[in-house]
Amino acid sequence: MSDSQASKGDRRAEIPARLRQAGGLHEGVAREIAAELGVAEADVWGVGSFFHLLARPQARLRVCTGLSCRMRGALDVLAACRSSQLPVEEASCLAGCDVAPAVLRERRVLPGVTVADVRQAGGDWRALRSAGAPDHGPWTGHVGPTRDDPERLALNLLGTPDYSGAAFLRAQQLGADAMVDALEAADLQGRGGAGFPAHIKWRGIRSQPPGPRYLVLNADEGESGTFKDRELLIRRPDRVVEGLAIAAAAIAAADVYLYLRGEFELPWERLQETLTRFEDAGAFPGIRFHLHAGHGAYISGEETALLEALEGRRAMPRLKPPLPVEVGLWGWPTLIHNVETIACVPAIALRGGSWFRALGRSEAGSKLYCISGDVQRPGTYELPLGVSLDELAEAAGGLDGELLAFSPGGASSGFLPASERGRPLAFGSLAEAGSMLGSAGVVVLNHGRDLRDAVRAQLCFFERESCGQCAPCRIGTRYLREALDQSVGGIESSPEALAHVADVAWQMNEGSICGLGQAAPLPLTLALKHFPEVFLR
Ligand SMILES: Cc1cc2nc3c(=O)[nH]c(=O)nc-3n(C[C@H](O)[C@H](O)[C@H](O)COP(=O)(O)O)c2cc1C
Ligand code: SF4
């Protein structure tokens, strides 16, 4: 198992890891690495300047200013760091919404940091600790369900890891065709955001001409509001690795790449331990696993951007088609899945597709929901796919006040009003409401919260994280944020002004290469639709 594996003769894929070893993009480093790897210096610069964790190595602390962290005082923590002259910068999201506000110290996430913690550090960033929660996991997120019934759970975050390899053996007995049929019977929709049926991708890659095929795990979890994959990797890495082994065998892939976001120090350790345990037991013969660290960029979670990053380039999305199952990593057919999707596979192999499908409510299967913001017990809860906000909030100990609005699926989903609290939190139902389930990162805002600031936080997220490749996204994300900023009293409600906002949103939707640019207007357009009294003047 290696940190990264280049295709034969091309050492470009080693660039990010070498930059990390060198402590980031310091003076003279690009030239040295370029000479050592035999690549162009510009390539090293390109990668080093693209990823947040490599581009500014002098920033030792990063305060998350994503929505849930802002709601718990992140801006005060940031200001305190600055006034203590600590080497700090903002981070878009650290996947720690349940332990907000989160601060990254080098590559370790500190949960629940307070202004007092910053003062205690006394100007030394190395001394920053968080008093409210341990700074070495497991983190403090509550993990459900509250209505425990292991028979109704596909993932069972509270269960004991199982290294027997029983699900892999069962899948081998079934054979690849029957395993794909089981996925179809399960109606397993991808949990990374798009909800695309998994069996179609598996069949798609199995029908490619003979040659190398790769399997890639997308563990780049960076959508503000989302932290479920982190919990899965920490608590049930056995399910993730066994799911990968089943998928690799079914599509005849010998190499599996696990791409973890750079801030996932503890999940990385858990995965390494798990891989070693399975390897020692000789559980998955012929399958090689490669752990790969990301370096901080939300866009690298987009599947084709992730492939670029694995190849040692800037994480800029590719045009589709061709799809990754046709032309993927180093040009070969590649199956990419989200952590949760893959972790559902062992239970489907063992218990069958119909069993999994029946776990759901309005759609198939059980689902990991993240909930944070104004609730009693922010955390990750496994519940039937299609529960309502009220049911989810009940699992999380109830709301912490009177509901004003909620974001059902991360920054990309905008905000829905309280009147939608009974709507199923499912792919189809939320699409009908003009929003999306996305990665099921639910953030709750109660009365007393500043909705304008919340919408602005989501717009800023996209502006900062746009890779800049397409003009509609690069310019549009900024334009929409400025439209909100410039009109302190609200966006002008004249037909011309509203038509202009709608036109920019349309251009972003139509002219962007990837989902970031397409979804980025949603926070503002949904806010104008549901909360005109707040946003219009
Ligand atoms: C901007 C952007 C960011 C994304 N980030 C992630 C991510 O962090 N994790 C993830 O699994 N999918 C992410 N996706 C979705 C992936 O492109 C892809 O659909 C997914 O990995 C496929 O796996 P699935 O079929 O199991 O859902 C992102 C998509 C976009 C447009
Ligand atoms: S839509 Fe935005 S993030 Fe996506 S490729 Fe274009 S510029 Fe990059």
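Could you list log10 I(q)/I(0) for region 185-234 at q = 0.30, 0.32 Å⁻¹, which the Debye formula gives when each Cα is one point scatterer? One equal scatterer on each Cα of region 185-234 leads to -1.18, -1.23. Anisotropy class assigned to region 257-386 is rounded, per the alpha carbon gyration tensor with a/c under the 1.5 cut-off.
Going by average Cβ density within 10 Å per residue, which order do the peptides 373-382, 348-357, 202-211, 294-303 take, highest to lowest?
Details: 373-382: 24.1, 348-357: 19.7, 202-211: 14.6, 294-303: 26.0.
In decreasing order of mean packing, 373-382, 348-357, 202-211, 294-303 become 294-303, 373-382, 348-357, 202-211.
For the chain, what is the Kirkwood hydrodynamic radius in Å, using each pair of distinct C-alpha atoms? Working shown, then result.
Details: mean 1/r = 0.0425 Å⁻¹.
23.5 Å is the Kirkwood radius here.
Annotation: the antiparallel percentage among DSSP beta bridges lying fully within region 15-144 is about 60.
Could you tell me whether region 270-332 comes out rounded, prolate or oblate from its Cα gyration tensor? Rule is a ≥ b ≥ c as square roots of the eigenvalues, rounded for a/c under 1.5, then prolate if a/b exceeds b/c, otherwise oblate.
Taking the square roots of the gyration eigenvalues as a ≥ b ≥ c, region 270-332 is oblate.
Find the relative contact order for region 8-78 and round it to a whole percent, using C-alpha pairs within less than 8 Å whose residues are 6+ positions apart. Intermediate results must be reported in sequence, preceding the final value.
Numbers: 57 pairs, mean separation 19.9, N = 71.
With pairs under 8 Å counted, the relative contact order is 28 percent.
Only lysine pairs 8 or more places apart, or on different chains, with alpha-carbon atoms under 27 angstrom apart are counted in the chain, and they number 6. In the context of the full protein assembly, ASP98 retains an accessible surface of approximately 20 Å², using a probe radius of 1.4 Å and ignoring ligands and nucleic acids.
Can you give me the accessible area per residue for the chain, using a 1.4 Å probe, in Å²?
Each residue of the chain exposes 37 Å² on average to a 1.4 Å probe.
The heavy atoms of ASP503 offer some 70 square angstrom of accessible surface to a 1.4 angstrom probe. Restricting attention to the chain, close to 40% of DSSP beta bridges with both partner residues there are antiparallel.
For region 494-534, just say rounded, prolate or oblate: build the C-alpha gyration tensor, square-root its eigenvalues into a ≥ b ≥ c, call rounded for a/c under 1.5, and beyond that prolate if a/b exceeds b/c, oblate if not. It comes out oblate by the Cα gyration axes.
Ranked by accessible surface with a 1.4 Å probe, highest first, in what order do PHE196, PHE535 come? Intermediate results must be reported in sequence, preceding the final value.
Numbers: PHE196 95, PHE535 0 Å².
Reading off the accessible areas and sorting them downward yields PHE196, PHE535.
If you roll a 1.4 angstrom probe over the protein chains with everything in place, what fraction of the accessible area of the chain belongs to carbon and sulfur, to the nearest %? Roughly 49 percent, rounded to a whole number. Taking the inverse of the mean reciprocal distance over all distinct Cα pairs, the Kirkwood hydrodynamic radius of region 408-537 comes to 14.8 Å. Exposure check, 1.4 Å probe, all protein chains in place: LEU258 carries approximately 0 Å² of accessible surface.
The values are calculated or read from the model by the stated rules, or taken from the named source; none is laboratory data. Owing to the predicted nature of the structure, the values given are computational and were not obtained by experimental measurement. Glycine also receives a Cβ, built like all others from the backbone with ideal geometry; neighbour counts cover every protein chain displayed. Areas reflect the complete protein model, heavy atoms only, side chains present, ligands, DNA and RNA absent. Shrake-Rupley method; radii C 1.70, N 1.55, O 1.52, S 1.80 Å.
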